[in-house]
């Protein structure tokens, strides 16, 4: 990382800038850190592009499409502001070195490493192409190396810079030596072009040489079009697929999916030589040891637009003040939390409490009677006053599919909140819950999103309970400007201008697990990734943090449907002190059964996804003693949620399950934000900025967000142990976990 320049902003959107990662034709790449502690590579576009209206259109389009790329091996877009004076894009930060640095340091890679590299990058390109993108700049500098495999970066940006290739003087979109012949000639560039570039990258990785030599750009472009590639030194087993990629005619090249299959091969042990793995570990440790940043908040009335680099309201540094200097804390007072039960206008940062609702719930006698009234009528519709506007809140959830337990819990919690709010005569709105069963699948989810976006009375949507459903609807909701809240999805790649996550993200939930494991120091930790995007997000941070803390760990990646027998035997053989599973409930259940059969006696831990009745049902007695971290509270056990649990039991004749309290809070949060606008008419576009500028003390947790991008910054991590066939609530501190 390089020091900041005097012209670099101190803050971009919700990210405090820590240093420079590099600079190129499109602008500068900065290392940023969110208020929640997540590191991101923030690409700030040069002014000459920002002033071009055509570029704005392309950049907006490409960022929207890039958000849809779903591959473990493609670094996700986590945030962007395409409308800022200086538009920017943030991607998840990977602390490993680029392939170009690794080859410069160690020379050509072993054949097994190149095969692994190629199959993973081909898989990433396949996802890019499936999303409707062409990368256009596949080169060694855009391939980052991590301990579990490579990561492709910068997809979607090259095409936004120019839809042709060679229209600007002395500008080539792409990198000479790694471009396809059609790209070098300014012809049509499609997915086969990326495959050619990947062939160049693999030849370079295997031999340490560029396949079309070095020298002036014009000479390399000429050789790319007219000369055969230099493939001398490529191992025999790799030569046929690499040579096929380097065919001059696009139609003669394999697709990315075909190349992935051709290169697929099990690679026992680490995928890189030990020296490169050490380099990755050193870089990861340095990034994880960056000093914390003191939080700053603007004073009331601060001007400026959130997400705009270098403007008021985003902590742009003043002339003469170093860009990396910390803010003057004395000049930025931290507001004192106050309760504003009936605000009359929106505020930059408002602390709201659920105290009024709790009074109603705990008052006893007649104060709880209204909870059982007719759910379809508001009090003023029965003649008690003027008719109030009705705000519809959409609920898109899996109500009949594999995730129906979570979906129905959210529905019942949201329904209780809607009934409560509509029965309050002091509120300016009545509320309606519009339900749609997406069955946890992409097709029904898309249909639900189409219905909600077409219904103009729906001002926000609580969605969704399955990852496939979430991914299928975000672009549609974003296009319609319809706010989306989720209480159980924590994938950072889903961030967009309307999406607000009401829980810590998948990586952040592992922080207390790191503290627990590093404090125990009892043998190695076997960290199991189930090969899904969720598994990667939860285990990657944990693995890097354990390495940085010099706590012994062994990573393992297994298929979600594996029986885990070999893995369990390895845990026993290595005397692992702990096994952590980063994946879903069924995979965790199979691992629990395998560990019990193998006689494993160490600790077994799991993540949010395993807080699901399916784990208990499928694992049976083997689940006993498992520990897990979750973002869902147990309303019957948490003191702040017990009154809610009492009301829930009265309404639904059953204890409140996980996620019911969170959905209840989500509806109350939306209602308070609508009330805080201080006007009778509330539109979809009104709620997102108000929501992201609000801190809300709900019955389950305290909700807070980064105003620029909706990243969750509140609390809400809870700990459970499986005991007597159920999830026993341990509290919200990892110190409550058994030793």
Does residue 576 qualify as being in contact (Cβ under 8 Å) with a residue 12 or more places away in the chain, over 33 Å from the mean Cα position of the chain (by Cα) and not assigned by TED's automatic domain parsing to the domain that holds residue 403? no
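Can you name the helices (runs of 4 or more DSSP H) wholly within the stretch 134-218 that have at least 3 residues being under 26 Å from residue 56 (Cβ atoms), in the same structural domain as residue 232 (by TED's automatic domain parsing) and modelled with pLDDT of 90 or more? Let's see the steps before the verdict.
Values: elements: 157-161, 181-184, 191-207.
Correct list: 191-207.
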Taking the stretch 449-469 and the residues there that are out of contact with any helix residue (DSSP H, G or I) (no Cβ under 7 Å at 6 or more places or on another chain) and crowded, with 23+ Cβ neighbours inside 10 Å, the one that is modelled with the highest pLDDT would be 452
Residue list for the stretch 590-611, filter: in contact (Cβ under 8 Å) with a residue 60 or more places away in the chain and over 29 Å from the mean Cα position of the chain (by Cα): 602
With respect to the numbered conditions (1) buried (at least 19 other Cβ atoms within 10 Å of the Cβ); (2) assigned to a helix (DSSP H, G or I); (3) modelled with pLDDT under 95; (4) out of contact with any strand residue (DSSP E or B) (no Cβ under 9 Å at 6 or more places or on another chain), which one is the sole condition not fulfilled by residue 412? (3)
When residue 446 is run through (1) touching a helix residue (DSSP H, G or I) at 6+ places or on another chain (Cβ under 6 Å); (2) surrounded by 18 or more Cβ atoms within 10 Å (Cβ to Cβ); (3) part of a helix (DSSP H, G or I), the failure sits at (2)
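Scan the stretch 669-686 and tell me whether some residue there is assigned to a strand (DSSP E or B) and either in the same structural domain as residue 460 (by TED's automatic domain parsing) or under 17 Å from residue 512 (Cβ atoms) (or both).
Within the stretch 669-686, none of the residues are assigned to a strand (DSSP E or B) and either in the same structural domain as residue 460 (by TED's automatic domain parsing) or under 17 Å from residue 512 (Cβ atoms) (or both).
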Quick one: is residue 614 surrounded by fewer than 19 Cβ atoms within 10 Å (Cβ to Cβ) and either in contact with a strand residue (DSSP E or B) (Cβ under 6 Å, 6 or more places away or on another chain) or free of Cβ contacts under 8 Å to residues at least 12 places away in the same chain (or both)? no
Within the stretch 230-239, identify whether any single residue is at pLDDT 90 or above and either outside the structural domain of residue 125 (by TED's automatic domain parsing) or not in a loop (DSSP other than H, G, I, E, B) (or both), and answer yes or no. yes
On the given criteria, is residue 569 touching a helix residue (DSSP H, G or I) at 6+ places or on another chain (Cβ under 6 Å), more than 15 Å from residue 506 (Cα to Cα) and not assigned by TED's automatic domain parsing to the domain that holds residue 491? yes
Looking at residue 623 and the list (1) in contact with a strand residue (DSSP E or B) (Cβ under 8 Å, 6 or more places away or on another chain); (2) buried (at least 22 other Cβ atoms within 10 Å of the Cβ); (3) closer than 29 Å to residue 281 by Cα; (4) modelled with pLDDT of 90 or more, which single condition is not satisfied? (3)
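Restricting to the stretch 29-70, count the residues that are assigned to a loop (DSSP other than H, G, I, E, B) and without any contact (Cβ under 8 Å) to a residue 60 or more places away in the chain. Spell out the reasoning first.
Taking the stretch 29-70 and keeping what is assigned to a loop (DSSP other than H, G, I, E, B), we get 35-38, 46, 51-52, 67-70.
If we keep only those that are without any contact (Cβ under 8 Å) to a residue 60 or more places away in the chain as well, we get 46, 51-52.
Total satisfying the criteria: 3.
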Do we find that residue 561 is touching a residue at least 12 places away in the same chain (Cβ under 8 Å) and outside the structural domain of residue 146 (by TED's automatic domain parsing) in this structure? yes
I need the full set of residues from the stretch 694-718 which are farther than 18 Å from residue 484 by Cα and assigned to a strand (DSSP E or B), in order please. 697, 702, 718
Counting only residues that are surrounded by fewer than 18 Cβ atoms within 10 Å (Cβ to Cβ) and either outside the structural domain of residue 443 (by TED's automatic domain parsing) or modelled with pLDDT under 90 (or both), the stretch 386-404 contains a total of 4
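Pick out the one residue from 567, 546 that is closer than 20 Å to residue 94 by Cβ, surrounded by fewer than 24 Cβ atoms within 10 Å (Cβ to Cβ) and more than 20 Å from the chain's Cα centre (by Cα). Don't jump to the end; show me each part of the working.
Details: 567 fails: closer than 20 Å to residue 94 by Cβ.
None of the others qualify; the one that does is 546.
Which one of these is surrounded by 21 or more Cβ atoms within 10 Å (Cβ to Cβ) and not in a helix (DSSP H, G or I): 655, 635, 738?
Details: 655 fails: surrounded by 21 or more Cβ atoms within 10 Å (Cβ to Cβ); 738 fails: surrounded by 21 or more Cβ atoms within 10 Å (Cβ to Cβ).
It is 635.
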Flag if residue 720 is modelled with pLDDT of 90 or more and in contact with a strand residue (DSSP E or B) (Cβ under 6 Å, 6 or more places away or on another chain): yes
What's the number of the condition residue 261 fails, among (1) modelled with pLDDT under 85; (2) surrounded by 12 or more Cβ atoms within 10 Å (Cβ to Cβ)? (1)
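The values are calculated or read from the model by the stated rules, or taken from the named source; none is laboratory data. The structure presented is a predicted model; accordingly, all values stated were derived computationally and were not measured. Every residue, glycine among them, receives a Cβ derived from its backbone with ideal geometry; neighbour counts consider all protein chains shown.
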